[in-house]
1. Yes or no: the stretch 69-89 includes at least one residue that is over 23 Å from L30 (Cβ atoms), modelled with pLDDT of 95 or more and among the charged types (D, E, K, R).
2. Have a look at G171, G158 and point out the one that is on the phi > 0 side of the Ramachandran plot and open to solvent by 20 Å² or more (accessible area, probe 1.4 Å).
3. Can you confirm whether M203 is aliphatic (A, V, I, L, M), more than 22 Å from E113 (Cβ to Cβ) and modelled with pLDDT under 90?
4. Search the stretch 184-203 for residues that are within 10 Å of T108 (Cα to Cα) and part of a strand (DSSP E or B) and pair each with any residue that is aliphatic (A, V, I, L, M) and open to solvent by 30 Å² or more (accessible area, probe 1.4 Å) when their beta-carbon atoms are under 7 Å apart and the residues are at least 6 apart or on different chains.
5. Return a yes/no flag: does the stretch 131-140 have any residue that is under 23 Å from D13 (Cα atoms), assigned to a loop (DSSP other than H, G, I, E, B) and either in contact with a Phe, Trp or Tyr (Cβ under 7 Å, 6 or more places away or on another chain) or open to solvent by less than 40 Å² (accessible area, probe 1.4 Å) (or both).
Amino acid sequence: RDLHSFPTRRSSDLVGALMGTAQYQKSSFLADSLGQQVLASHLDLTEDPFEPFGLASGSYDGEGVAGCKRSVVAAGVVEGYFLSSLAARKLGMRATGNSNGCWNVTLTSRNTENTDDQEALLRRLDRGLWVTEVIGGRLDPVTGTYSKAAAGFWVENGAVVYPVQDITIAGNIKDMLLGIDRVGHDIHRDYAIRTGSILIDAMQIAGR
């Protein structure tokens, strides 16, 4: 099990895979995923361009297409893509006002409780790796093969035992997204993308 305290990177990988360009070019590990289960069933991904004081709020994209508050993934099932006019034409769909990228996107869990802070997630992790930094590596955008260098802390019985570094975490991001067990109520934001810490049920770990 792994607890990720850099969760916007997992969310940005998901958003990138649902971008219209990646979809029509078939360069996405979630190609043709509309109507398919891609996340654990307790997870939702929403977009709100009208969020007050949002870092990525706005009424229209660079093509003059209006955005709208919408559900992109509901209960783990893809309900829409992020489409520019070109991507929409290529896919035979309507533009969603995302020619400049996504608006304010939030990944949430229906299972998150007010007590799900960092300490609570460590207790739920019980034994595993708490990842606090990703140093480098690669995600294959087509197959979803994931391998990155990381650092963090080893956890036993819900408590930090010792720091770890020079390790590699690996797996397939499609399995990782389906294997998300919990999302914390702590807030991490990378401009347009926001979520809490993410607890994943299983990953491969190698190194010292």
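1. Looking through the stretch 69-89, none of the residues is over 23 Å from L30 (Cβ atoms), modelled with pLDDT of 95 or more and among the charged types (D, E, K, R).
2. From the options G171, G158, the qualifying one is G171.
3. So M203 passes the test.
4. R194/I187
5. yes
Per-residue answers, yes or no, for (1) among the β-branched types (V, I, T); (2) more than 24 Å from V38 (Cα to Cα); (3) surrounded by fewer than 16 Cβ atoms within 10 Å (Cβ to Cβ):
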residue: L125; (1), (2), (3): no, no, no
residue: Y146; (1), (2), (3): no, no, no
residue: F153; (1), (2), (3): no, yes, no
residue: P163; (1), (2), (3): no, yes, yes
residue: G179; (1), (2), (3): no, no, no
residue: V183; (1), (2), (3): yes, no, no
residue: I193; (1), (2), (3): yes, no, no
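The values are calculated or read from the model by the stated rules, or taken from the named source; none is laboratory data. Everything numeric here is computed off the predicted structure, so don't read it as measured data. In this analysis, Cβ positions are derived from the backbone assuming ideal geometry, glycine residues included, and neighbour counts consider all displayed protein chains. Heads up: the accessible areas ignore ligands, DNA and RNA and are worked out on the full protein's heavy atoms, side chains in. Shrake-Rupley method; radii C 1.70, N 1.55, O 1.52, S 1.80 Å.
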